[in-house]
Each structure stands twice: as C-alpha cells, then as structure tokens.
Amino acid sequence: MITALKSPKEEFIALMTENSKVDGLDELSSKIIAILYAEPNELSLDEIAKRTRYSLSAVSTAMKFIERIGLIKRIKKPKSRKIYFYMEKGMIRFSLDMIRKKYERVILPTKQRLPSIMKSENSKNELKIIENYYKEVLASEDIMKKSIKMLENAKKNLKK
C-alpha cells in the first residue's frame with residue numbers, strides 16, 4: 001500500500017512518537033511529546049487535542065502525567081484563561097533531564113534506604129537478592145554520573 005507523502009515535520013513527529021513509545025510511553029503521551037517537541041511555540045490544550053485527534057479529556061489526563069514526569073512545562077498567559085504547554089528542545093538536554101530525574105528520584109533514595117533494609121532480619125535468599133540489587137544501584141549511579149558528565153560536555157561543545 002502506498003501512503004501519501006508526509007511533510008518533514010509530520011515525518012519527524014511520527015519518528016519522535018515511535019522513539020517515545022520505545023521509552024515506555026503510551027501512544028497518546030508519545031504523540032503529545034512529539035508534537036510539542038516539533039512545535040516552536042507553546043500550544044493550548046485544545047490545539048493539542050485537535051492535532052492528536054484524541055478527546056480533550058484523554059489529552060488532559062496524558063498532559064498531567066507528562067507534566068508530572070517533568071517533560072513539559074505549563075504556561076499561563078496574561079489575560080487568557082487557556083492553559084498552554086511547551087517542551088524544551090534539544091535531544092541532549094532532554095536526555096540529561098531524564099537521567100538527572102532518574103538519578104534524583106530513584107537512585108539516591110534507593111541508595112539511602114537499602115542499607116537499613118539489608119540490616120533487617122531476612123532469609124539468606126532474600127538478603128542476597130537485596131544485596132545484588134544494591135550493587136546494581138551503585139553501578140547504575142556510576143553510569144548515570146558519567147552519562148551526565150558526558151552529556152553536559154556535549155552540550156557545551158555544541159554551543160561553541
């Protein structure tokens with residue numbers, strides 16, 4: 001079946017949607033992220049619903065999730081009752097933000113809590129599982145720190 005030729009922007013949005021789904025996001029959230037990334041200006045909730053062809057209710061629910069994980073920003077314009085959304089551009093910045101959030105929200109709290117959990121009275125099998133997980137958390141922390149440093153350097157080099 002031959003499909004109609006898409007504009008470069010439409011092809012980019014399709015590609016970004018697929019990439020976001022690989023990261024574990026659902027179809028609608030992936031599409032919203034792709035649309036906001038490809039759009040130079042902020043978009044209203046109504047406009048996002050129109051472009052995604054999903055209901056306002058479904059889009060609103062997805063937007064709350066995407067905003068909560070820190071991928072988009074909510075904007076209120078003076079003298080307007082509408083809410084607008086915007087996404088920072090830049091793959092390196094996007095990756096850096098995602099790694100930092102994972103580091104701050106998962107790795108650090110887990111690293112802090114696991115030692116006390118490992119001290120509790122567990123069976124040897126349970127303790128071995130927890131100890132292995134802790135070792136993986138420490139290894140992940142090291143990888144994330146190195147990744148953050150590499151991405152920050154890449155960002156600086158691109159600005160030159």
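Structure data summary
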read-out	value
Cα long-axis angle, helix 27-38 against the chain (0 to 90 degrees, to the nearest 10)	70 degrees
Contour minus Cα-Cα distance for residue 79 and residue 137 (0.36 nm per residue)	16.1 nm
Crossing angle, helix 91-102 versus the chain [Cα axis fit, 0-90 degrees, rounded to tens]	40 degrees
Distance (nanometres) between label positions extended 7 Å along Cα→Cβ at residue 53 and residue 129	4.5 nm
Unit charges on C-beta of K, R, D, E only; dipole of the chain, Debye	740 debye
Pairwise Cα inverse-distance average, inverted: Kirkwood Rh of the stretch 8-86 (Å)	12.6 Å
Under 19 Å from residue 76, Cα to Cα: aspartates and glutamates that are on another chain or at least 8 residues apart	39, 42, 46, 47, 67, 88
Cα-projected label distance for residue 98 with residue 113, points at 7 Å along beta-carbon direction, nm	2.4 nm
The chain: mean projected area of Cα convex hull, nm²	14.9 nm²
Sites residue 10 and residue 157 - FRET efficiency at Förster radius 41 Å, r taken between beta-carbons, to 0.05	0.85
Helix-only CD estimate at 222 nm, as mean residue ellipticity for the chain, using -39500 (n - 2.57) per DSSP H run (n ≥ 4)	-22000 deg cm²/dmol
Rg to Rh quotient for the stretch 90-160, alpha carbon positions, Kirkwood Rh	1.17
Centre separation in Å (Cα based) which lies between the stretch 78-98 and the stretch 126-160	25 Å
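Rule-based calculations on the coordinates, nothing more; no lab input. Computed from a predicted structure; not experimentally measured. When we count neighbours, we look across all protein chains shown, and the Cβ atoms used for this are built from the backbone with ideal geometry, even at glycine.
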